[in-house]
Amino acid sequence: MELSSTKPYFIRALHEWMLDNRLTPHLIVNAQTRGVEVPTQYVEDGKIVLNIAPSAARELHIDNECLSFKARFRGAAFEIRVPVQAVEAIYAKETNSGMAFPSDDALLHHPPEPSGPTPSKKPQLKVIK
């Protein structure tokens, strides 16, 4: 059974936590990911930082595949679309609290190694009297 990604759930949860604490949520997005629709003139080194606070991101919708909203950049209106896989981090502007996400490529080529002792094949039971 293949599980869905936890990334959109973390993004939604941290977004809500930041708003509850009157913080300003921002995303770091890899603008070179297929499907990203952002104003290219604001992309630097292949990345763009997006303010997703209610005052900046109108009609914000975050589902398991994509984030979309309407925003203004220097007075010009844009429709923003960001596939979840393109989100590299979500953080609060005021505190830098948040979460960075490993790239999907990194997980495919280097799965995380299990931590702690390696379990043996046989169960290890002790009789305690």
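What number of residues within segment 37-88 satisfy the criterion of being assigned to a strand (DSSP E or B), of a type outside the set (Asp, Glu) and either touching a His at 6+ places or on another chain (Cβ under 9 Å) or without any contact (Cβ under 8 Å) to a residue 60 or more places away in the chain (or both)?
In the first step, residues of segment 37-88 are kept if they are assigned to a strand (DSSP E or B); the result is 37, 44, 47-51, 58-62, 66-73, 76-83, 87-88.
Now narrow it down to the ones that are of a type outside the set (Asp, Glu): 47-51, 58, 60-62, 66-73, 76-78, 80-83, 87.
So of that shortlist, the ones also either touching a His at 6+ places or on another chain (Cβ under 9 Å) or without any contact (Cβ under 8 Å) to a residue 60 or more places away in the chain (or both) come out as 47-51, 58, 60-62, 66-73, 76-78, 80-83.
Number satisfying all stated conditions: 24.
With the requirement that a residue be among the charged types (D, E, K, R) and under 20 Å from THR33 (Cα atoms), what does segment 43-83 give you? If you could, list the steps in order and put the result at the bottom.
Within segment 43-83, the first condition is being among the charged types (D, E, K, R), and the residues that meet it are 44-45, 47, 58-59, 63, 65, 70, 72, 74, 79, 81.
If the condition is that a residue be among the charged types (D, E, K, R) and under 20 Å from THR33 (Cα atoms), then GLU44, ASP45, LYS47, ASP63, GLU65, LYS70, GLU79, ARG81 are the ones that fit.
If you go through segment 66-96, how many residues are acidic (Asp, Glu) and in contact with a Lys or Arg (Cβ under 8 Å, 6 or more places away or on another chain)? Before you say what the answer is, go through the steps one by one.
Here is the first cut: in segment 66-96, the ones acidic (Asp, Glu) are 79, 88, 94.
Filter again for in contact with a Lys or Arg (Cβ under 8 Å, 6 or more places away or on another chain), leaving 79, 88.
Counting residues in segment 66-96 that are acidic (Asp, Glu) and in contact with a Lys or Arg (Cβ under 8 Å, 6 or more places away or on another chain) gives 2.
Quick one: which of GLN32, GLN85 is modelled with pLDDT of 95 or more, within 12 Å of the chain's Cα centre (by Cα) and closer than 15 Å to SER103 by Cβ? Working first, answer last.
Values: GLN32 fails: within 12 Å of the chain's Cα centre (by Cα).
Just one listed residue meets the conditions, GLN85.
Within segment 89-101, which residues are assigned to a strand (DSSP E or B) and surrounded by 15 or more Cβ atoms within 10 Å (Cβ to Cβ)?
Within segment 89-101, the first condition is being assigned to a strand (DSSP E or B), and the residues that meet it are 89-92, 98-100.
The answer is ALA89, ILE90, TYR91, ALA92, GLY98.
It is to be established whether one or more residues within segment 46-68 are surrounded by 15 or more Cβ atoms within 10 Å (Cβ to Cβ), in contact with an Asp or Glu (Cβ under 9 Å, 6 or more places away or on another chain) and not charged (D, E, K, R).
So far as segment 46-68 goes, yes, one or more of its residues are surrounded by 15 or more Cβ atoms within 10 Å (Cβ to Cβ), in contact with an Asp or Glu (Cβ under 9 Å, 6 or more places away or on another chain) and not charged (D, E, K, R).
The values are calculated or read from the model by the stated rules, or taken from the named source; none is laboratory data. Predicted model only: the values in this text are computed from it and were never measured. Don't worry about glycine lacking a Cβ; one is built from the backbone with ideal geometry, like all the others, and counts go over all protein chains shown.
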